[in-house]
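Asks: Take a look at the following structure, please.
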Amino acid sequence: MILRNYRNKILSWDISDDLIYNESVKEWVEKLDANKPEVSKSPIILNEDNHYFNPYYNLLKNIIVIGNSIDKHITINYQQTINPSSFNYENDIQKLSIVYQMVHRLLEEMVPMNSLQFKFSFNLSSSSNEKEKEEEKEIISDSVFHFISNLKIFSNLKTNIDFLIPNNEKVRAIEFDRFIQICHKNSIKCQFSLVESIKNYKSIVSFNFYNNDYNSNMSSYFNSTLDIINSKIYKRDNFDSRSYNITFSMNDSEDSKVYEYNYDLYKLEDFPEFTYNDLYEYKKITIKKPDEIIESSKNVTSLSFYVVVDINDNGDRKANYLFNAIALYINNKKEIDPGRDIEIVVSVKDSRNSKDEMCIESDSNKYDPTCPDLALLTSNDISVYFKKVKLTSLDKFIREYYKDYGITLESKIYKYAFYDYHIDNQWMAIPFTVQIRTLLFNSTTFENCKLFNKDLELHLPPPYHEYWDSSTDETSWDWKSFFEYAKVITDCTKYPGITFFGENYEELKFLSMFIQSVGIPFIIENDDKAKVKMFATENKIDFADRFEILEEALKNGSINEWIKKESIDKWRKNPYPSTFKEIENTIFEKISNEDVLKLYSNSPSIIGMAIANPEKMIKYFDNENSEIKYGYVPGISSYYGGEGFVITNSKKKNSFDLITKDAFDLITLFINNTLPFLHDANTYITPFEDTENSNCKQTSENLSECNNYIDNAISTVYYFIDKSNNYVIINAEHVKSTSTSNAKLIIRDKEFLTTYYSQSSPIEFICGMDPNFEKKEITYYNNRIDLPILNNNINTVLTIKSTNDYFSSNSNNDVSLCTIANEMLKIARPIQYPLNGFEKMSEIENKELVARLFVNIRYKHSEDRNPTLTENLEEFKRLVDHYILPNCKENNFETNFTLSACKESTITQDVNYINCIPSEESDTTTRCNYIPYSNIISILSFVVIGISFVSGLVSLFLMIKHRKSKNISAFGMDFSIILLFSTFILTISIIFWLGEGSTVKCNLRIWFQIIGLTNIVGSILLKEERISSIFIGKDVQKIFAPKMKDIYIKLGVFNIIQIILLLLWTLNVFEKEPAFRQDIEYHPNLGYKDIEYCDIFNSKFVAVMFLFIFCMIIYTLLISIKIRNIPKEFNESRFIISSSTFQIIMIFFVFFVCIITKTEVYRSLCFIICMLLLIIFTRPLFIEYKIYCIITKKNTDSSIVIVNASSYISSSEKKTDYQTSEFKSTNGAVTEVHSIF
């Protein structure tokens, strides 16, 4: 009522809903956050399922439409009131996002909204103090500036943003140029107005006509206020920003030209059409401002940008979008910082050409001219360069994106892109292009072959027939149905029912779709720490039955030839490759895609069905050819691939932060869905779930789809919702297309025509490229028709939807390629799904492994080779598992390997790497954990042990035989026997160091070793001690002090002490781990190896036992030095000194080797050598040498008389008699004794 009363006076109506402070919206956000607790903030996303946004938006839209219908001359603005003092950017960013999405959607639907307004509300004081006024002015200026600086989300919005500022003297003193500059920086079309409200007037208009569904989500009203605009400050014109200098550089020449930029169309004027193939011929292309502008700034940042694509596969794609986007980016940067210029150096590289490899410098501290700042990489290459540690994580930039735009970038990205671009729990790339696979089929063939097989009726594949609507197994469009249809078509036409492509590794895409649909993951990871990838299963192939339908299709002629006959013949003539090298040298040349399409016709055609990239096929079958249709691929999975933006980390370290920020700003511009570049790079779909490709509404395909729709539509009834939120039903007449005319839609509904066209006579609309009011052209998209209408003197559209979607028949479903591509995108998955991308995936392509599998199944190599399907799959698995293995020398990689049986001749085991490919530096052999009995070391040890025992027994026999000889008597018979048997015990210990280890052997080693060493050292010590007591004593009584009984007792005590310690050690008392243990040992060129060893030298008890022996050796050495001057017949001190020193050296050496290595072979070898040397050094000195003297009768003359000592010590008197002057003259030396021991 108010609008009707004031419509002649009101020229502008500002609809103010104050959404920024709307409590209902706050509740929406809280509910969304509660639904997604893993995301800290969840912006409202435009989609059909959003129950919060749509009611709010529809109400706003209805208000604007109603206001416009009352008075078409009124200017309607959408206004938000801002109180900077209470506005919190962190909390209110999502509300700004909602505002942006509503305005963006209003503009998309051509709702007559003039502009977006932000009206500032300040709490101004009435103080007259100049200082306070100045401070308040600064606060106002800073708060407005801060708010505008946070509006990056509204960049490139195709409408003005009006900033309404209260008109008073404080505001008028503000420097507005500062605001304009920040608008330039955020690419916002700014308009500033000083306003004041009409006195005593504020009207509130309540539009309470929404239904209960709206009431459940909303409770606020829209307010209307009238403002008088006193003055305006517009965005200043751009300085000379239309010109760009583009230089194309060859190896030895350059060609530069200046192009003008059209900011309305976002493109360079008169710029020639380029494809990637064209750009690949140039070394680099430089885009920058003209030289005179750059020279004036004298501050130029150069940004290197590589576009790395598969030239063979995608070389014919248009590439002009690169230059159009970069030119706009350079201009935006110049406006933000007029004193700084940017030049972009673009190079197109071939991802399949090793000469085009980027970032080849291994030292990250060195400048790498091959490493760009920014690159567009294929999904395979992203994981390759990530593995080389050449990429920068984009996580922090994605967080900044949310702060700038209020939308989490992750929520926009298509969900399965996660597996290609999110690696090691971080975003390494932002997707930009996407490739999927769709079905193509010949509808004429289907019609002709319907009656060929009466048991299997041919239905057009989905979405063309309602047969596939039900979800039963019989009516499922799966691979079984696909191959059955192919066989029927083959039998019917006598040509292969499946047109199969092999160029650009299409076999791999085909197989991955098939495998994922039949419930087999293409690549899996094992449970090993290294997470080794492998084909399908860790075990043997047990799913060959699922491949039988594919095997049958390859063998029964349902699939055409896709490999050149010459390659097959050459493969058959040569022996079947048995090594990886032979496999790599076997090359299968593919028939090109175009030649495949011409195999059975003069022009490109598909006899039956094909699975292919629609972007490749559209040049052959663009829907003007009504025979070839696009449809859904069989099964539950399509192929997902594409390219993404990455930022490298290997260059310009001194300005790394600035360069990476510039690079991500360029990425942000490329993926901005309000600009054409994302849409130009993708033909039908985009990798962002909230972004519909704008080309789908503008391509010539829609003309064909419009014709096709009207030609086949069943229902002529259409409906739409009018401005009053009521359904309006209209009838239309369909006129089919002809060879000379497009299809027509005739509307005769007088009420409808009077309301929307101000006439009652019928209107004839014709299918066209775009809705056009003058030409009465309509377009079709997604089961709807866009009718051109004139609204407020603006050419806009009214969308009417067909009631075909209420019929059971599916024959009129939307069959546009755009819709089909979008449906396939929803089920498209990367080959390695559900794993993230990894660098070795490209090896499956490069080595043509799938082609080899298909060739082995389809063709017989020779008569004597006829493998089963399981054997072919096993071979394929073996090849895939091998080629996707990482390199064993990669950083921090934990190798997993098996070892062969120990080779007896070399004491080594062959290493068979399981989870990696060995490099030249990798160990191919490793030492065994033991010395085999048949090894030469063991044989020689047994020979020496045998000689030792034989010689010892001979020595014992001779000692007994010559026991009364002077040499034996002087040396001591008892001493010699104890020493000899001690060496026997020590020799036995060597046996237990040979052969495979065990706990028993480990215990016996130390038992025999300790007992043997204790008795050898102990016997020598006690002998030296007795000699010392006799010859060095000052009293003759000392001659008789150390009796033999005492000697045996002492030696027994030594052994008891050692045996107690040995028992404690054997029983593992106070020890944490057993002596014989299993452990892992790291080898630099091998990895972690499982070892078994006898860890006897880390035990405290063993250390005490050897310390005890060591102390005895030191004491013996000291005594030997003390008695070195006694008569030579009794003086072995020179031998003992040498022997003790040698014993110390040997024991220390054994300990040293056992400490520095856990390798049991080296420990055993060290011990065997040391113990044998100790035995060889000890026995000859103390035993064999005396026997040698007896045999050779080498007796020295001596004044010493050998008597029976017992006759001298039978009475105390005789002891007294021995104390004579003659005894004293010999310094106490006994000159008449029988034996010392």
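The values are calculated or read from the model by the stated rules, or taken from the named source; none is laboratory data. The structure presented is a predicted model; accordingly, all values stated were derived computationally and were not measured. Note that each Cβ is placed from the backbone with ideal geometry, even for glycine, and that neighbours are counted across all protein chains shown. Protein only, heavy atoms only, side chains kept; ligands, DNA and RNA dropped before computing areas. Shrake-Rupley method; radii C 1.70, N 1.55, O 1.52, S 1.80 Å.
Asks: Taking only segment 1046-1082 into account, find how many residues are farther than 22 Å from residue 1006 by Cβ, in contact (Cβ under 8 Å) with a residue 24 or more places away in the chain and open to solvent by 40 Å² or more (accessible area, probe 1.4 Å).
Replies: Number satisfying all stated conditions: 1.
Asks: If residue 754 meets every condition in (1) in contact with a helix residue (DSSP H, G or I) (Cβ under 7 Å, 6 or more places away or on another chain); (2) surrounded by fewer than 18 Cβ atoms within 10 Å (Cβ to Cβ) apart from one, which number is that one?
Replies: The one condition residue 754 does not meet is (1).
Asks: Right, next: Quick check: anything in segment 518-530 out of contact with any helix residue (DSSP H, G or I) (no Cβ under 6 Å at 6 or more places or on another chain) and farther than 30 Å from residue 836 by Cβ?
Replies: Within segment 518-530 (the criterion being out of contact with any helix residue (DSSP H, G or I) (no Cβ under 6 Å at 6 or more places or on another chain) and farther than 30 Å from residue 836 by Cβ), the answer is no, since none of the residues qualifies.
Asks: A follow-up question, please. Using the structure shown, decide if residue 1010 is at pLDDT 85 or above and open to solvent by less than 60 Å² (accessible area, probe 1.4 Å).
Replies: Working: at pLDDT 85 or above: yes; open to solvent by less than 60 Å² (accessible area, probe 1.4 Å): yes.
For residue 1010, the condition - at pLDDT 85 or above and open to solvent by less than 60 Å² (accessible area, probe 1.4 Å) - is met.
Residue-wise test of (1) open to solvent by less than 40 Å² (accessible area, probe 1.4 Å); (2) farther than 15 Å from residue 432 by Cβ.
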residue	(1), (2)
341	yes, yes
360	no, yes
368	yes, yes
376	yes, no
382	yes, no
388	no, yes
393	yes, yes
400	no, yes
403	no, yes
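Asks: Suppose we filter 875, 921 for residues that are among the acidic types (Asp, Glu), surrounded by fewer than 17 Cβ atoms within 10 Å (Cβ to Cβ) and outside the structural domain of residue 1019 (by the TED database); which single one remains?
Replies: 921
Asks: Now a separate question. Here are 1116, 1159: which of them is more than 30 Å from residue 896 (Cα to Cα) and modelled with pLDDT of 65 or more?
Replies: Residue meeting the stated conditions: 1116.
Asks: Quick check on segment 1065-1082: of everything there that is in a loop (DSSP other than H, G, I, E, B) and out of contact with any Asp or Glu (no Cβ under 8 Å at 6 or more places or on another chain), which residue is modelled with the highest pLDDT?
Replies: Ranking the candidates gives 1067 first.
Asks: Quick check on residue 777: is it of a type outside the set (Val, Ile, Thr), under 54 Å from the mean Cα position of the chain (by Cα) and farther than 25 Å from residue 464 by Cα?
Replies: Numbers: of a type outside the set (Val, Ile, Thr): yes; under 54 Å from the mean Cα position of the chain (by Cα): yes; farther than 25 Å from residue 464 by Cα: yes.
Spelling it out, residue 777 is indeed of a type outside the set (Val, Ile, Thr), under 54 Å from the mean Cα position of the chain (by Cα) and farther than 25 Å from residue 464 by Cα.
Asks: Just checking, does segment 978-1000 include any residue being aromatic (Phe, Trp, Tyr), surrounded by 21 or more Cβ atoms within 10 Å (Cβ to Cβ) and assigned by the TED database to the domain that holds residue 1066?
Replies: yes
Asks: Are any of the residues in segment 605-627 closer than 30 Å to residue 368 by Cα, modelled with pLDDT of 90 or more and of a type in the set (Ser, Thr, Tyr)?
Replies: Restricting attention to segment 605-627, the residues satisfying the condition of being closer than 30 Å to residue 368 by Cα are none.
No, segment 605-627 contains no residue that is closer than 30 Å to residue 368 by Cα, modelled with pLDDT of 90 or more and of a type in the set (Ser, Thr, Tyr).
Asks: Taking residue 300 as meeting all but one of (1) open to solvent by 60 Å² or more (accessible area, probe 1.4 Å); (2) at pLDDT 90 or above, write down the number of the exception.
Replies: Here residue 300 clears every test but (2).
Asks: Test each condition in (1) in a helix (DSSP H, G or I); (2) out of contact with any helix residue (DSSP H, G or I) (no Cβ under 8 Å at 6 or more places or on another chain); (3) of a type outside the set (A, V, I, L, M, F, W, C); (4) more than 26 Å from residue 888 (Cα to Cα) for residue 505 and report the one that comes out false.
Replies: Of everything listed in (1) in a helix (DSSP H, G or I); (2) out of contact with any helix residue (DSSP H, G or I) (no Cβ under 8 Å at 6 or more places or on another chain); (3) of a type outside the set (A, V, I, L, M, F, W, C); (4) more than 26 Å from residue 888 (Cα to Cα), residue 505 misses just condition (2).
Asks: Return the total of residues in segment 541-560 being touching a Pro at 6+ places or on another chain (Cβ under 9 Å) and more than 10 Å from residue 858 (Cα to Cα).
Replies: 2
Asks: In segment 783-798, which residues are at pLDDT below 80 and either crowded, with 20+ Cβ neighbours inside 10 Å or under 22 Å from residue 65 (Cβ atoms) (or both)?
Replies: 784, 790, 791, 792, 793, 794, 795, 796, 797
Asks: Considering (1) modelled with pLDDT of 85 or more; (2) in contact with a Pro (Cβ under 6 Å, 6 or more places away or on another chain), say which one residue 852 fails and leave the rest.
Replies: All conditions pass for residue 852, except number (2).
Asks: Taking segment 323-335 on its own, how many of its residues are within 36 Å of the chain's Cα centre (by Cα) and open to solvent by 10 Å² or more (accessible area, probe 1.4 Å)?
Replies: Qualifying residue count for the region: 3.
Asks: For segment 948-964, state whether one or more residues are open to solvent by less than 30 Å² (accessible area, probe 1.4 Å) and assigned to a loop (DSSP other than H, G, I, E, B).
Replies: Checked segment 948-964: no residue is open to solvent by less than 30 Å² (accessible area, probe 1.4 Å) and assigned to a loop (DSSP other than H, G, I, E, B).
Asks: Follow-up. Against the definition (in contact (Cβ under 8 Å) with a residue 60 or more places away in the chain, buried (at least 18 other Cβ atoms within 10 Å of the Cβ) and closer than 30 Å to residue 889 by Cα), how does residue 535 come out, yes or no?
Replies: yes
Asks: Then there is this: Considering only segment 155-188, state which residues are in a helix (DSSP H, G or I), at pLDDT 75 or above and within 20 Å of residue 122 (Cα to Cα).
Replies: Result: 179, single match.
Asks: Checking the structure you have, find out if any residue of segment 140-154 is open to solvent by 60 Å² or more (accessible area, probe 1.4 Å) and modelled with pLDDT under 75.
Replies: No, there is no match, as no residue in segment 140-154 is open to solvent by 60 Å² or more (accessible area, probe 1.4 Å) and modelled with pLDDT under 75.
Asks: Ok, one more. State whether one or more residues within segment 815-835 are at pLDDT below 85, surrounded by 20 or more Cβ atoms within 10 Å (Cβ to Cβ) and not in a helix (DSSP H, G or I).
Replies: Yes: segment 815-835 contains one or more residues that are at pLDDT below 85, surrounded by 20 or more Cβ atoms within 10 Å (Cβ to Cβ) and not in a helix (DSSP H, G or I).
Asks: Any residue that is open to solvent by 10 Å² or more (accessible area, probe 1.4 Å) and at pLDDT below 85 - is there at least one of those in segment 429-450?
Replies: Within segment 429-450, one or more residues are open to solvent by 10 Å² or more (accessible area, probe 1.4 Å) and at pLDDT below 85.
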